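What follows is a short report on a single structure.
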Amino acid sequence: MKSVNKLTRIATVVISAAVLVSAQGIRIKDVASVSGLEDVQLFGYGLVVGLAGTGDRNQTVFTEQTIVNMLKNMGVELPERHIRVRNVAAVMVTGQLAPFKRKGTKFDVTVSSMGDATSLEGGTLILTPIQGPDGQVYASAQGPLATGGYDLRDRGLTHIKKNHVSVGRIPGGAIVQKEYQFNVLNGDNLAISLHSPDFSSAVSMAQSINTQYGVAGLARATDAATVELDIKRAGGVSPMEFIARVENITFDVASQAKVVINERTGTIVAGGTVRISQVAVTHGGVKVEVVNLPEVIQPLPFALGRTEVVPNPAMVVEEKDAEMVVLDATTTVSDLAQALNSLGVTPRDVIAILQAIKEAGALHANLIIL
């Protein structure tokens, strides 16, 4: 019952938030971005050293080859058969270079094990160049890893593990070596892309921009995700000033009605625009439980027998009384939560009921199951 009460409160909060957003509007910068100013994904191959015997084993051939090549570049010649290092692990380094990151600035990178290392805890990434999709090296990464966990083993008998220790992160571990060039601000035309494409939202955004400037045709929606801007009609302002003003304009965002369900955790999140037609809902269940009621058998008086405990399994069948609730048309998620609360159902039962209502054609929303 407490879980359903939480569901009721969640549904009510979601609906209230949806009404508030519709009244006040949302800033453009919160749901859209300038086209062409996307992050650049970087990756690189490197080595993590300083591990306490938790690195790659000898079967990981590419780790040994990398160590030999690195030492050879440093003037140290060493045959591969002499490599017996368990304190080194081969890793992939990944990160995202944000627009306008200048040379010398830092950003975070993620380090992931490639071989059979059991843990990267306490390791240090040695200097690793990381490149973009075009093959150009844009940054270099180095520094100690933070795994946020541990993996303790005691001769194979005891194993205590917390979090995923074969992946670590280096805050500020990458330094920009080459700036990524963006040419979107050099022309007279700009475009804004919605993160969630929607025809109604795109048209509403264009209308809000034109109303704010008082110029017809300044902004024009070309598709469900793109709104083109003509800077020449903005009164001779610079592109930076124009973007800074446009991204703070508010408009009404239209979204599709959705009910998101996670069956693994029993989580249900519904938007405030979800509507349900008139439908009758009944819920009942049969619980079958096999219990063991041991029976003690005593030997006869003066006999040489022993007292024995004999298992005595029994089956208990419990059937709940089914109740029916009729939901009127235009019922909201809050009304549905209160009705299901009266039935005394759990969140997992609510998932099954919502699926059945969707199949009956009474749930006017997109049901998404994670």
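Read-outs throughout are calculated quantities, based only on the coordinates presented, and are distinct from any laboratory measurement. Being a predicted model, the structure only gives us computed values, none of them experimental. Don't worry about glycine lacking a Cβ; one is built from the backbone with ideal geometry, like all the others, and counts go over all protein chains shown.
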The extension gain from residue 303 to residue 224, computed as 0.36 nm times the residue separation minus the Cα-Cα distance, is 19.4 nm
Expected unfolding gain across residue 296-residue 258 under the 0.36 nm per residue rule, minus the alpha-carbon gap, is 7.9 nm
Put in order of increasing Cβ neighbours within 10 Å, starting from the fewest, 190, 120 give 190, 120
Between residue 359 and residue 146, the two model label points (7 Å from Cα along the beta-carbon direction) sit apart by a distance in nm of 4.8
Here the relative contact order (percent) of segment 179-238, from C-alpha pairs under 8 Å and at least 6 apart, is 38
Contour minus Cα-Cα span, residue 70 to residue 352, at 0.36 nm per residue, comes to 95.7 nm
Given a Förster distance of 41 Å, the FRET efficiency implied by the Cβ-Cβ spacing of residue 282 and residue 112, rounded to the nearest 0.05, works out to 0.25
Zone reached by a paramagnetic label modelled 7 Å from residue 207 Cα along Cα→Cβ, restricted to segment 236-275 with backbone N below 13 Å, covers 251-254
Simple spin-label estimate for residue 179/residue 265, 7 Å along Cα→Cβ, in nm, reads 4.1
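Provide the FRET efficiency to the nearest 0.05 for the residue 216-residue 58 pair, computing r from the beta carbons and using R0 = 56 Å.
Efficiency for this residue pair is about 0.20.
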